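Bear in mind that the values in this text are calculations on the coordinates, not laboratory data. Since this is a predicted model, take the numbers as computed values, not measurements. Here the Cβ is made from the backbone with ideal geometry for all residues, glycine too, and neighbour counts use every protein chain on show.
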């Protein structure tokens, strides 16, 4: 009887390893997207303060900074709640 219990525990341990693997991928993707959003925000704020030479360029950099803030809010709230739409929206923003 102990042999059967050992087999069941071994199979269960193997399935736990497979369940944790997607969580690592999800965490890595989340970190990548959050990092891209933070870098984008810093870049666009720097653009507003340094590179923009007229009002149109300031507005463009400001709008892109707002999109980066939006992506950060989605990542920090909706993505962590595992809402599927948050994943798609954030990748579309990062690809653009």
Burial ordering of 36, 69, fewest other beta-carbon atoms within 10 Å first
69, 36
Extension length gain for residue 48 and residue 84 (0.36 nm per residue less Cα distance), in nm, is 9.7 nm
Only counting other Cβ atoms within 10 Å, I'd like 51, 61 sorted with the fewest neighbours first.
51, 61
Taking a ≥ b ≥ c as the square roots of the eigenvalues of the Cα gyration tensor, with a/c under 1.5 meaning rounded and otherwise prolate when a/b exceeds b/c and oblate if not, the stretch 26-95 is prolate
Among 85, 30, 91, what is the fewest-to-most ranking by other Cβ atoms within 10 Å?
85, 91, 30
Would you please give the FRET efficiency between residue 59 and residue 27, computed as 1/(1 + (r/R0)^6) with r the Cβ-Cβ distance and R0 = 41 Å, to the nearest 0.05?
0.70
